[in-house]
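This report concerns only the one structure given below.
The values are calculated or read from the model by the stated rules, or taken from the named source; none is laboratory data. Worth saying up front: this structure is predicted, and the values here are computed from it rather than measured. All Cβ positions, glycine included, derive from the backbone under ideal geometry; neighbour counts span all protein chains shown. What goes into the accessible areas is simple: the full protein's heavy atoms, side chains included, and nothing from ligands, DNA or RNA. Shrake-Rupley method; radii C 1.70, N 1.55, O 1.52, S 1.80 Å.
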Amino acid sequence: MPRDPRTVQVLSPRTWGKFGNYLAATSFSRVVRERVGAEVELREAEPLVPLLGEAGAEIRTISEQSPDLATRTVRYRALMQRLQERFPQGFEADPGPEQIAALAGLTAHLRASAPDVVVGTKGFVARLCVAAVRLAEVPTRVVSQVTNPGLLQLPLHRSRFPDLTLVGFDWARERLIADEGVDPARVRVVGPLVAQHDLREFMTGGTASRETGPWGGDDGDGSRPRLIVFCNRGGEVYLRLLEHIAARHPSVDLVFVGYDDPAFARRAADAAAGLRHWRFHSRLTQSEYFDYIDRAARSPHGLLISKAGPNTTLEAAYFGIPVLMLESGLPMEEWVPGLIHEHGLGRACADPGELLRTVDEWLTRPEAIALRKKSAIAFAGNTLDQEAVAARIGTAVTSLLDGR
C-alpha cells in the first residue's frame, strides 16, 4: 500500500504495567500502519509527560510490595484519586496553570510535529492529549484507544472530549455514553485486539532456560498436561505453586516464565529442583516462544497460569488455551474473572489457596481442562476474529483522517 503523507502518532505509557499497555500500543500501531497506510509513529509518553513516569513507578511499587489484594486495591485507587484531583473531569476544555505546566513537554511536541491524529492508549493519556492539542493550537484529532475496558470504571480514564474513542466491547461503549455523556457517534466498538503478532517481540531475547530436550515430551497421544506459568510481576505465590505442583504432579510438562526477571526465574528453578523436564526462563527465544504456544495449543490439556490480566486472558483464548488465573487486586482487572467465567475460558481464583486447590482438581481430572479448551476455541471464533478487528480499526481511523 502506498504511504499516505498524513501522520498518526500513538502515545503509550510504558511504565503503567509490566508490558501489556505498550504491547497493546504496538499492536494498534501495526494495524493502523497496515490498514491506513499513513506514517505511524509509536512513542513512549513518559518523556513528554514526566508525571506519567512518576505514577508508573508508584504503580510498580503498589503491584510488587502490597501484602495482599485488598491493600493493593486501596493503594491503587488512592493513586488514581490523587491524579484525578489534579486533572478533574472537564479540565481538558480549560486547563489551569498547574495543568499547563505539567503538559508543557507534550504541548511543545504537538506544536512542533502537528500530527493529523494522535492516539492515547490510556484514557488518561488521551485526556492529556486533548488539552495539549488545544494549548498547542493545532488541528490534530485525538483518539482514545481503550486497551482495557476495566479502566473505564475510573473517572481518570473517561472523557467525552476525544474526537473518537475505540473500545473492544459493546458494554464499554454503553458505559462511556451513560457515565460521561459521550456523543454515541464518537464511540466505536472495534472488538478486542489481540497481540498475537507482536507478543513475541516482548517475550523474546536473552533466555535463562534449563535446556533438556523438546518440551512436552513424547507421551504418544499428547494427553499429558502442558502448563505455561507466566509471571510478570514476581510474587511468592508462584514459587509456592511450583513447589506444590512438583510435589503432587511431577509428571506434567511445565514451563515457567518470570518475565524480565532472571533472579526470580532462577528461584523458580530452585523451587522445582530435580524435575529436569521442566523449563525456566526470564525471556524466550523466538523458536521457544512459538514452540511452547503451539504445543500447549495442540495439547487437549494445555493450560496457562498467570494473574487475571485482560490481555493475557484474551491472548490465551485466541490460541485455544484455557486459563487458570489469580485475581490481581487491581481495579481495572476486576472485570476479567467475569469474562473468564461467563465464557468458560477457565477459572479466576480469589486467593492462592483456591489456586492450589484448582490445580489439584484439574491435574487430577484433566478432562476439566479439555472442557474449557472447547469453550476457549468457541469464544475465539465468535469474538476474536483479528482480521475483522483490524478492518474496523482501519475504517475508524481513516474516517477521522478524511474528516479532518
query = Any idea which of (1) within 17 Å of the chain's Cα centre (by Cα); (2) crowded, with 17+ Cβ neighbours inside 10 Å; (3) assigned to a helix (DSSP H, G or I) is the one Val359 doesn't satisfy?
reply = (1)
note = The correct count of residues that are under 24 Å from the mean Cα position of the chain (by Cα) and assigned to a helix (DSSP H, G or I) in region 362-388 is 16
key: Hits in region 338-358 - residues which are within 24 Å of Asn148 (Cα to Cα), of a type outside the set (A, V, I, L, M, F, W, C) and in contact (Cβ under 8 Å) with a residue 12 or more places away in the chain   = His343, Gly344, Gly346, Arg347, Asp351
request  = State whether the residues of region 386-401 include one that is open to solvent by 40 Å² or more (accessible area, probe 1.4 Å), farther than 30 Å from Val133 by Cα and in contact (Cβ under 8 Å) with a residue 60 or more places away in the chain.
outcome  = no
query = If you check Ser282, Ser287, Ser299, which single one turns out to be within 18 Å of Ser375 (Cα to Cα) and over 17 Å from the mean Cα position of the chain (by Cα)?
reply = Ser299
ask   = When you go through Leu275, Leu284 one by one, which is the residue that is surrounded by fewer than 22 Cβ atoms within 10 Å (Cβ to Cβ), at pLDDT below 90, more than 24 Å from Pro67 (Cα to Cα) and of a type in the set (A, V, I, L, M, F, W, C)?
value = Leu275
query = Within region 20-58, restricting attention to residues that are open to solvent by 10 Å² or more (accessible area, probe 1.4 Å) and β-branched (Val, Ile, Thr), which residue is farthest from Val397 (Cα to Cα)?
reply = Thr26
remark   = Residue pairs qualifying under the 7 Å Cβ cut-off, at least six apart or on distinct chains, with the first in region 365-383 being closer than 28 Å to Gly168 by Cβ and the second being open to solvent by 50 Å² or more (accessible area, probe 1.4 Å) and aromatic (Phe, Trp, Tyr), are Ala380/Tyr318
query = In region 134-171, which residue that is touching a Leu at 6+ places or on another chain (Cβ under 6 Å) and part of a helix (DSSP H, G or I) is nearest to Thr107 (Cα to Cα)?
reply = Ala136
ask   = Tally time: how many residues in region 305-315 are open to solvent by 20 Å² or more (accessible area, probe 1.4 Å) and touching a Ser or Thr at 6+ places or on another chain (Cβ under 7 Å)?
value = 2
ask   = Do you know which residues across region 59-73 are exposed (fewer than 13 other Cβ atoms within 10 Å of the Cβ) and not small (Gly, Ala, Ser)?
value = Thr61, Glu64, Gln65, Pro67, Asp68
ask   = Does Leu193 count as open to solvent by less than 10 Å² (accessible area, probe 1.4 Å) and either touching a residue at least 40 places away in the same chain (Cβ under 8 Å) or not β-branched (Val, Ile, Thr) (or both)?
value = no
query = Just checking, how many residues over region 93-122 are surrounded by 20 or more Cβ atoms within 10 Å (Cβ to Cβ) and at pLDDT below 95?
reply = 2
